[in-house]
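Student: Dumping the structure here so I can ask a few things about it.
The values are calculated or read from the model by the stated rules, or taken from the named source; none is laboratory data. Remember, predicted model here, so these are calculated numbers, not experimental data. Glycine gets a Cβ as well: all are built from the backbone with ideal geometry, and neighbour counts include every protein chain shown.
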Amino acid sequence: MAMMPKRMKYRKVQRGKVRGRATRGNKVSFGDFGIQALEPGYIPAKTIEAGRVACTRNAPGAKVFIRIFPQKPITSTPAETRMGKGKGEPDYWAAVVKPGTILFELEGVTEDIAKLTFNRVAHKMPVRTRMVKRRRI
């Protein structure tokens, strides 16, 4: 089942613009390897679920951390509807992603398995991504 918030203050929100780089959520914090977005965009809840399934299938013994959550309702009007009549109903939920945001993290796997897994996940994402390692201090 796709993720969505339990409750929202407002049903519909304005689009806004995705500007700048991520200042939070841009470091690998929980796992050993992460997949990082390189460009801005919206990632739908179904796509996040597809990425989670790809992670768990390709790295069976790994712990998967999902670092993004779909909290923006994206509205649309039905096909073949005339102009006017207000804003459409919420169609799906999406996560707003800035460049540098970590999308998924893996723990308990080798680098080769993480690379293969994140390659499969990257093919499902609507933004360009790269694999990053956790920095040890």
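Student: From the list Arg130, Arg120, Arg136, which one is of a type in the set (Lys, Arg), out of contact with any Lys or Arg (no Cβ under 6 Å at 6 or more places or on another chain) and assigned to a loop (DSSP other than H, G, I, E, B)? Reasoning before the result, please.
Tutor: Numbers: Arg130 fails: assigned to a loop (DSSP other than H, G, I, E, B); Arg120 fails: assigned to a loop (DSSP other than H, G, I, E, B).
Arg136 is the lone residue from the list that is of a type in the set (Lys, Arg), out of contact with any Lys or Arg (no Cβ under 6 Å at 6 or more places or on another chain) and assigned to a loop (DSSP other than H, G, I, E, B).
Student: Criterion first (within 30 Å of Lys6 (Cβ to Cβ), of a type in the set (S, T, N, Q), touching a Gly at 6+ places or on another chain (Cβ under 6 Å) and at pLDDT 95 or above) does Thr129 satisfy it? Spell out the reasoning first.
Tutor: Details: within 30 Å of Lys6 (Cβ to Cβ): yes; of a type in the set (S, T, N, Q): yes; touching a Gly at 6+ places or on another chain (Cβ under 6 Å): no; at pLDDT 95 or above: yes.
No, not satisfied.
Student: Name every residue in the stretch 58-92 that is of a type in the set (S, T, N, Q) and within 20 Å of the chain's Cα centre (by Cα), in order of residue number.
Tutor: Of all residues in the stretch 58-92, those of a type in the set (S, T, N, Q) come to 58, 71, 75-77, 81.
Hits for the stretch 58-92 are Asn58, Gln71, Thr75.
Student: Now for a different question. Report, by residue number, each residue of the stretch 103-137 that is of a type outside the set (A, V, I, L, M, F, W, C), touching an Asp or Glu at 6+ places or on another chain (Cβ under 9 Å) and farther than 20 Å from Thr23 by Cβ.
Tutor: Glu107, Gly108, Glu111, Lys133
Student: Just name the residue that is nearest to the chain's Cα centre (by Cα) out of those in the stretch 94-115 that are exposed (fewer than 14 other Cβ atoms within 10 Å of the Cβ) and not in a loop (DSSP other than H, G, I, E, B).
Tutor: First, the residues of the stretch 94-115 that are exposed (fewer than 14 other Cβ atoms within 10 Å of the Cβ): 108, 110-112, 115.
Remaining after also requiring not in a loop (DSSP other than H, G, I, E, B): 111-112, 115.
On the way: Glu111: 22, Asp112: 23, Lys115: 18 Å.
For the stretch 94-115, the residue satisfying everything is Lys115.
Student: Hey, another quick one. From (1) farther than 30 Å from Lys9 by Cα; (2) touching a residue at least 60 places away in the same chain (Cβ under 8 Å); (3) not acidic (Asp, Glu), pick out the condition that doesn't hold for Arg136.
Tutor: Checking Arg136 against (1) farther than 30 Å from Lys9 by Cα; (2) touching a residue at least 60 places away in the same chain (Cβ under 8 Å); (3) not acidic (Asp, Glu), the one that fails is (2).
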